[in-house]
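The values are calculated or read from the model by the stated rules, or taken from the named source; none is laboratory data. Just so it is clear, the structure is predicted and the values come from calculations on it, not from any experiment. Positions of Cβ are generated from backbone atoms using ideal geometry, with glycine treated the same way; all protein chains shown enter the neighbour counts.
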Amino acid sequence: MTNNDYLYTDLSSFYGKVFPFKVQKISINAGFTCPNRDGSKGFGGCTYCNNQTFNPSYCATQKSVSQQIEEGKAFFARKYPEMKYLAYFQAYTGTYGELQHLIGLYEEALRCDDVVGIVIGTRPDCMPDELLDYLADLAQRTFLTVEYGIESANDDTLRRINRGHTYAQSVEAVEKTASRGIYVGAHVILGLPGEDEEELVRQARMINKLPLTTLKLHQLQLINGTVMAREYEQSPFHLYTADEYIDMVIKYISYIRREVVLERFVSSSPKGLLLAPNWNIKNYEFVEMLKKKMRELGVEQGCEV
Ligand code: SF4
């Protein structure tokens with residue numbers, strides 16, 4: 001370690017620079033569908049995806065955006081009355097819809113009291129130019145992050161998991177979005193079938209070249225009822241133990257420059273849906289384990305860059 005207690009650049013230090021108050025994301029299900037399920041980009045969806053896994057119970061599609069935000073606020077404000085909020089269009093593909101409809105949803109979120117920005121999760125092949133024009137304007141007047149699901153930098157893997165887009169499309173979307181002055185986030189999954197440590201180091205070096213503001217790493221989780229869960233049951237492949245995954249994350253982030261905010265390292269799907277691996281570790285526990293190991297090894301984000 002070279003600089004006091006620095007280990008990696010975390011989300012709260014980034015938000016601390018941008019906002020003079022604490023912020024919390026509220027997940028919204030705005031009733032989007034997914035172009036990789038309805039045939040517009042592909043059928044069947046990504047082989048690991050069961051979209052129920054990222055919808056907290058207050059996200060019900062029949063509720064309006066503002067209703068969901070108010071319920072989310074009520075949930076968090078009990079603990080932190082001074083909190084401000086980012087509306088997080090997380091479920092399915094947050095840019096998939098008719099332009100005026102999308103604008104209406106984003107603007108509705110921004111009109112809610114104490115909402116100080118929005119985060120939009122989407123696919124790299126789902127960002128039309130007219131929407132990007134609108135978002136570039138929006139980024140001038142509020143906090144905005146567009147988060148792309150990149151998942152892998154390897155086209156063979158992307159085909160195998162039925163992602164329906166290539167890595168080149170991810171690069172293009174990230175570069176185009178960042179060039180319009182919009183914060184760009186990326187999401188990758190570590191441990192997809194066929195991707196070993198060598199491949200993930202190759203991926204980390206490629207991801208490091210992208211103009212990203214934030215990066216989320218997730219372990220591969222097999223969700224009951226998905227195509228990948230069936231593949232695994234028929235022909236098991238390696239899934240990380242928590243310790244192996246910590247080692248992989250440390251290696252990966254040593255190739256990611258310090259300017260990139262590391263927003264998350266694990267996802268935790270609801271127990272009833274999760275087939276494997278069942279680590280039974282909460283997010284904050286994982287972060288403590290990761291930091292401890294980084295200190296032991298004397299490694300920090302970007303030390304191999
Ligand atoms: S992971 Fe995203 S893009 Fe893939 S099927 Fe699920 S909602 Fe669609």
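Data overview
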{"quantity": "Looking only at the stretch 85-108, and only at residues there that are surrounded by fewer than 19 Cβ atoms within 10 Å (Cβ to Cβ) and closer than 23 Å to GLN24 by Cβ, the one that is farthest from the ligand (Cβ to nearest atom)", "calculated": "GLU107"}
{"quantity": "The listed residue being modelled with pLDDT of 95 or more and hydrophobic (A, V, I, L, M, F, W, C), out of ALA91, ALA74, ALA109, ALA60", "calculated": "ALA109"}
{"quantity": "Condition check for VAL184: crowded, with 22+ Cβ neighbours inside 10 Å, away from the ligand (no atom under 16 Å from the Cβ) and at pLDDT 95 or above", "calculated": "yes"}
{"quantity": "Selection from the stretch 20-39 of residues that are assigned to a loop (DSSP other than H, G, I, E, B) and either buried (at least 18 other Cβ atoms within 10 Å of the Cβ) or within 15 Å of the ligand (Cβ to nearest atom) (or both)", "calculated": "ASN29, ALA30, GLY31, PHE32, THR33, CYS34, PRO35, ASN36, ARG37, GLY39"}
{"quantity": "Top-ranked residue of the stretch 246-305 - restricted to ones that are in a loop (DSSP other than H, G, I, E, B) and of a type in the set (Lys, Arg), ranked as farthest from the chain's Cα centre (by Cα)", "calculated": "LYS271"}
{"quantity": "Output for the stretch 105-129, where each listed residue is part of a helix (DSSP H, G or I) and within 30 Å of THR166 (Cα to Cα)", "calculated": "LEU105, TYR106, ASP129"}
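The rows are residues; the columns are (1) over 21 Å from ALA186 (Cβ atoms); (2) touching a His at 6+ places or on another chain (Cβ under 7 Å); (3) surrounded by fewer than 17 Cβ atoms within 10 Å (Cβ to Cβ).
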{"residue": "GLN203", "(1), (2), (3)": "no, no, no"}
{"residue": "MET206", "(1), (2), (3)": "no, no, yes"}
{"residue": "PRO211", "(1), (2), (3)": "no, no, yes"}
{"residue": "LYS216", "(1), (2), (3)": "no, yes, no"}
{"residue": "THR226", "(1), (2), (3)": "yes, no, no"}
{"residue": "ASP243", "(1), (2), (3)": "yes, no, yes"}
{"residue": "ILE246", "(1), (2), (3)": "no, no, no"}
{"residue": "VAL249", "(1), (2), (3)": "no, no, no"}
{"residue": "LYS291", "(1), (2), (3)": "yes, no, yes"}
